[in-house]
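Novice: One structure, pasted below without further comment.
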Amino acid sequence: MRRVLPALAVFLLAAATVLGALQDTEEFPHEAHEGLFPLCEGCHVGIVTGEEARLFPDPASCAECHDGTRQEPVDWEPAGPRASNLEFFHPLHEDFVGLDGSSATCQNCHAADQIVTPAPRMAVSAAAPESCLECHVHEAPAHLSPGAECSVCHIPLTEAARIPTERIALFPWPDSHDAPGFISEHAPGTPLEEISCGICHASNTCERCHVNADRLEPIMRLASDPRVAELEVGKVAEYPVPESHLASGWSWDHGSSALAGPAQCSTCHTRPSCTECHIEGGPQSAAVIAALPDPVPGGAPGVDLSHAGEILHPFDFDERHATFAATGALQCTECHSQQYCSDCHTAAEASTREFHPDNFLQRHALEVFAGGSNCQSCHSTEAFCRDCHEQTGLASEGRLNVAFHTAQPMWILTHGQAARIGLESCASCHQQTDCLACHSTFLGRGVNPHGPGFDAEGMAARNRVTCRWCHLDDPLGGS
Amino acid sequence: MRGPRALRWAVLALSLAWTTPIDDLGAQSVRVSGSSGLQYIEVRPFMRDSVAAGEVGGSGLLRQTADGHIVRCVTGDAFCRGTRPAGKVSTIPAVQDLEVSAWGLGEGIQAFAHLRGRTAWGGNPDLWPRANETLDVLAAYGEFSRERYRIRAGRQWTTSGLGFYNFDGVSALVRPIPGLVVEGGAGRSLVRGLNEPRTGSALEAIEELAPNEPGLMLTGQVRYRPSQRLSLAALYHRDVRDDRAGLYAELARAEGLMRFGDGSIEASMERDLAGGQFNEARLRLRAPPFRATSIAAEVRRYRPYFELWTIWGAFSPVGFDEGRLDLTWARPTGDLIVRGEATYRNYDDTGMETSPGSLRTNGWGLGASASWSPRDHWRVDGGYRMEVGFGAARSEGHVGVLRRIGPDSHVAVRGLAFQRLYEFRLDHGVVVGMGAEGAHRITDRSRIVGSLTAYRHLDQGDTSGMDWTQLRGSLRVRWTVGAEPGVPTGPEGVR
């Protein structure tokens, strides 16, 4: 008997739910009729019998009072049962009573104000779903809570064909869905959780973001639904950055994670996410890329990494990439084709790529003097620089009587210091023979150009031929 | 020496080849990539000029003519001589790169070639370096590779901490254990970037004392990455005359990189074994960001290196010590980045005690720049830098606005102004420039980029300096046809 009362309470609660549904469309002023109807079942007899056609009174019965004489005529029509995916049948709960053994009444569930005791009898509202939990005990502390076994009371949305799209759009939004990290961690962990998702969602919901929706079994088990598809139109796919991706050095270190679980990557990433950077790719990256889905027109877009290069390589990276490349700290060829290097490093002519900024030509003199650009790591200063300087009239023609170094009146005395500091710059305009005119012992005046600490023997040991440009007789006594 | 007309037209035809809809080159075993570039360049070259000594007033070695030119007057010479800007000339150089990869010839066998065609039109085509070298072969080699080793034979190039080297020969790469790469190569050395032997015409045409013997190159490097946080490398390069009478170059280098979080320590050291001196030693520390601010400090020792076939090394060039500080602040959202930098450089003593004019022996620089993206598709960049150094000084600023149009295109406008002063040559004025650029991804595998900038030289003062009033433009198309080995066909990406 103790089980009956709560069951009856649920029964009455459900009845009130049906009554409350009326208020959505054609609200019946219950309180205005208090005293006229002694029993709820008088009008809602179908609640007890289970006859859907008799859930609401015949509108003709209103005219018994609203006949135009005693009361104003009314034009009231019952809305009928509310379309819902709630699976509830009142007669099945008929024999139950409240937990305290008291008789169940409709008010147990449908009282508009549960706090006022006793509540006005005809002040009714939709039943609170929490009332169900008095008997249907599960881990969830409340309706719409994580852990709720929704399928106890509800059928999957895709099976509730009578629910209009507009009503689906008004489905309550669980607080858990607003929790931090929900999007990253919302995957159902148990079959029960998976079923619960299907109470409110169809596969179309998942396909908005999941690029691998056709590979994930929980999504594949969800049916598609045109009403949900209609509601998804115009919604933007959301790809929150997982916590792991925020870790220090993730851009550099993500390879091992990708190798360990490419399927996890494919939740959000399509192949272009990788190929945006991994142009050529090695065997390992190719394996990961192959495991990712291709983007499908009209499908989930996947994470946009079209500017990943800017993220991976800070804006000053072009200036300091040498060590990364030379030591193998970054395996450049994983991302770049060989041409990417050759664009700059085979620059026999001025760059075919935007390595040097547009106005670099006008300002490159300082770069040369400062040795900042290390020009000779790519260019042959003899050929590349002098070729251009000859065409533009900057290169020396070997004549010393032309005013060029006009800012130094005593240039002939100053040029030695300038040459030792900026010899790369000198070589971009002067041939070696320009210098030999004075510094050769047999072609010139024999002016010694060697500075303090000059290692003549070391130089001669490696290329004695060069010594002969200036020294007819070997100053070191060699042959 | 200009190539035949037919070849020039062939280069032009190749530059337009991207428009040809080639979806499949046979057995999915060939890929052709190209870069077709056109530029428009204006220059006012210097020309030598002379004036009768009697027409130049004043006294001394350097005098000024009535129209403002500086000339050199040697006592007893009937003429004073100087330089002045000639009339404006222009050229339109065209450069066409073609890269062809072929595979499917057997497991691990690949053939690769990188060809470059060039020509130039306009008033003075010779203005463009090597415009008369119509066709260059930058690389052409066969390759056999397995997971643990790779062998290449033919013309190839390599980049390393020692820079770029190209040669005709054989190279091998071995990966004996994970993280360890041993690479070596040997063959006939080529002039850096010129793709011809040392005894070829390129050097002969420009240097009376050009090398008279080909060079034989031997190079090797070891790279070891024991963990993702640490990587080390050692390199050796030797280039010897074919007659064994001497070396053209001998260099060694070591470098390392260690990362800790978002910070890193980099160190490198390069030694000229022939000269017995360090050409470069560098230590850079980048601290992990703190409150969105990152700081990097670098100390560097640099001394220029010259190949041993030149006499330049015998002139005892000196180097400098440099310190550099970079400061970067980035808003966590990444839409605003501000950067500041400072450098100081001190040159070594040249030992030239007799120099009457004290030339600058130090240098410094200060700069700041910012990049702001107020909205997803907009970016504003600006910066200013001032640098004073030996030989030259400059002050420059720039600002640019970029608008992305969808994922495939962008347009940008920019303005700039700069002033540079030479220590050895009189030059005046400020150059201002205004330009625009645009880029568009035509298809997944083709992209076009163009830019146009106009410069105007203001307040030039006397007319002895270089006049930078000119127009510059460029148009470049990149394209790829054929298959992609090992990688699904995708967007052009960072290419």
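Quick note: the coordinates plus some simple rules give every number you see, no bench work behind them. All values reported here derive from a predicted model rather than from experimental measurement. Every residue, glycine among them, receives a Cβ derived from its backbone with ideal geometry; neighbour counts consider all protein chains shown.
Novice: Starting from the alpha-carbon convex hull of region B:184-288, give the projected area averaged over all orientations, in nm². Display every interim value, and only then the final one.
Specialist: Numbers: hull surface 33.8 nm².
Orientation-averaged projected area of the Cα hull: 8.5 nm².
Novice: Under 14 Å from the 7 Å Cα→Cβ point of A:ALA407, by amide nitrogen: which residues of region B:388-429?
Specialist: Taking a point 7 Å out along Cα→Cβ of A:ALA407, the residues of region B:388-429 whose backbone N falls under 14 Å are B:388-395, B:419-429.
Novice: A follow-up question, please. Could you tell me how far the Cα centroid of region B:82-115 sits from the Cα centroid of region A:214-232, in Å?
Specialist: Spelled out, the Cα-based centre of one part sits 52 Å from the other.
Novice: Hey, another quick one. Relative to the longest principal Cα axis of chain B, at what angle does helix B:5-15 sit, 0 to 90 degrees, rounded to 10?
Specialist: Once rounded, the angle reads 60 degrees.
Novice: Related question: Quick one: Karplus J couplings for region A:81-90, per residue in order, coefficients 6.51, -1.76, 1.60, θ = phi - 60°, nearest Hz, x for Gly and Pro?
Specialist: Karplus-based 3J(HN,Hα) across region A:81-90 equals x, 6, 5, 7, 9, 6, 9, 9, 10, 3 Hz.
Novice: Could you give each residue of region A:223-236 its phi-based ³J(HN,Hα) in whole Hz, using Karplus coefficients 6.51, -1.76, 1.60 with θ = phi - 60°, and x for Gly or Pro?
Specialist: With the stated coefficients, region A:223-236 comes to 7, 8, 8, x, 5, 5, 4, 5, 6, 7, 4, x, 7, 8 Hz.
Novice: Still on this structure: What Kirkwood hydrodynamic radius, in Å, does region B:237-304 give when the mean of 1/r is taken over all pairs of distinct Cα atoms and then inverted? Walk me through the numbers on the way to the answer.
Specialist: Values: mean 1/r = 0.0709 Å⁻¹.
Mean inverse Cα-Cα distance, inverted, gives 14.1 Å.
Novice: Taking neighbour counts of Cβ atoms within 10 Å as a proxy for exposure, in what order, fewest first, do B:MET217, B:MET434 appear? Provide the component values of the computation, followed by the final result.
Specialist: Values: B:MET217 22, B:MET434 14.
The fewest-first ordering by Cβ neighbours comes to B:MET434, B:MET217.
Novice: Per DSSP H run of at least 4 residues, take -39500 (n - 2.57); add these up for chain B, divide by its residues and hand me the 222 nm value, nearest 500 deg cm²/dmol. Write out the running numbers ahead of the final one.
Specialist: On the way: 2 runs with 15 residues, N = 495.
Value at 222 nm, helices only, nearest 500: -1000 deg cm²/dmol.
Novice: Plugging the Kirkwood radius over Cα pairs into Stokes-Einstein for region B:117-238, at a temperature of 37 °C and a viscosity of 0.692 mPa s, what D comes out in µm²/s? Numbers along the way, then the final one.
Specialist: Working: Rh = 16.5 Å.
For these conditions, the coefficient is 199 µm²/s.
Novice: Taking R0 as 22 Å, what's the FRET efficiency between B:VAL74 and A:CYS429 from their Cβ-Cβ distance, rounded to 0.05? Show your work: numbers first, answer last.
Specialist: Values: r = 21 Å, r/R0 = 0.95.
So, using R0 = 22 Å, E works out to roughly 0.60.
Novice: Do you know the relative contact order of region B:217-363, to the nearest whole percent, from alpha carbon pairs under 8 angstrom that are 6+ apart? Write down the numbers at each step before the final one.
Specialist: Values: 315 pairs, mean separation 19.1, N = 147.
Relative contact order here is 13 percent.
Novice: Also, I was wondering about something else. According to a simple spin-label model (label point 7 Å from Cα along Cα-to-Cβ), what is the distance in nm between B:LEU452 and A:LEU192?
Specialist: Here the modelled spin labels are 7.1 nm apart.
Novice: Treat the count of other C-beta atoms within 10 Å as a stand-in for reagent exposure and order A:SER266, B:SER201 from fewest to most.
Specialist: Details: A:SER266 21, B:SER201 13.
Neighbour counts put them in this order, fewest first: B:SER201, A:SER266.
Novice: On to the next question. From the Cα gyration tensor of chain B, with a ≥ b ≥ c the square roots of its eigenvalues, which class applies: rounded if a/c is under 1.5, or else prolate if a/b is larger than b/c, or else oblate?
Specialist: Working: a/c = 1.32, a/b = 1.29, b/c = 1.02.
It is rounded, given that a/c, with a ≥ b ≥ c, falls under 1.5.
Novice: Would you order B:SER268, B:SER145 from fewest to most other beta-carbon atoms within 10 Å of each residue's own beta-carbon? Write out the running numbers ahead of the final one.
Specialist: On the way: B:SER268 22, B:SER145 15.
In increasing order of surrounding Cβ atoms, one gets B:SER145, B:SER268.
Novice: Output ³J(HN,Hα) for region B:323-331: one whole-Hz value per residue in order, computed from phi by the Karplus curve 6.51 cos²θ - 1.76 cosθ + 1.60 with θ = phi - 60°, and x for Gly and Pro.
Specialist: Calculated HN-Hα couplings, in order: x, 9, 10, 10, 10, 10, 10, 10, 5 Hz.
Novice: If amide hydrogens are placed 1.01 Å from N in the peptide plane, which non-local residues have theirs closer than 5 Å to the one on B:ILE109?
Specialist: Amide H to amide H, under 5 Å and 5 or more residues apart or across chains, B:ILE109 pairs with B:GLY104, B:SER145.
Novice: Only Cα pairs under 8 Å and at least 6 apart count here; give the relative contact order of region B:143-202 as a rounded whole percent. Mind showing how you got there, number by number?
Specialist: Values: 103 pairs, mean separation 15.6, N = 60.
After rounding, I find 26 percent.
Novice: Right, something else. What residues qualify as long-range amide H neighbours of B:LEU230, i.e. H under 5 Å apart, gap of 5 or more or another chain, H built at 1.01 Å from N?
Specialist: Those qualifying (amide H under 5 Å, at least 5 residues apart or on another chain) are B:ARG259.
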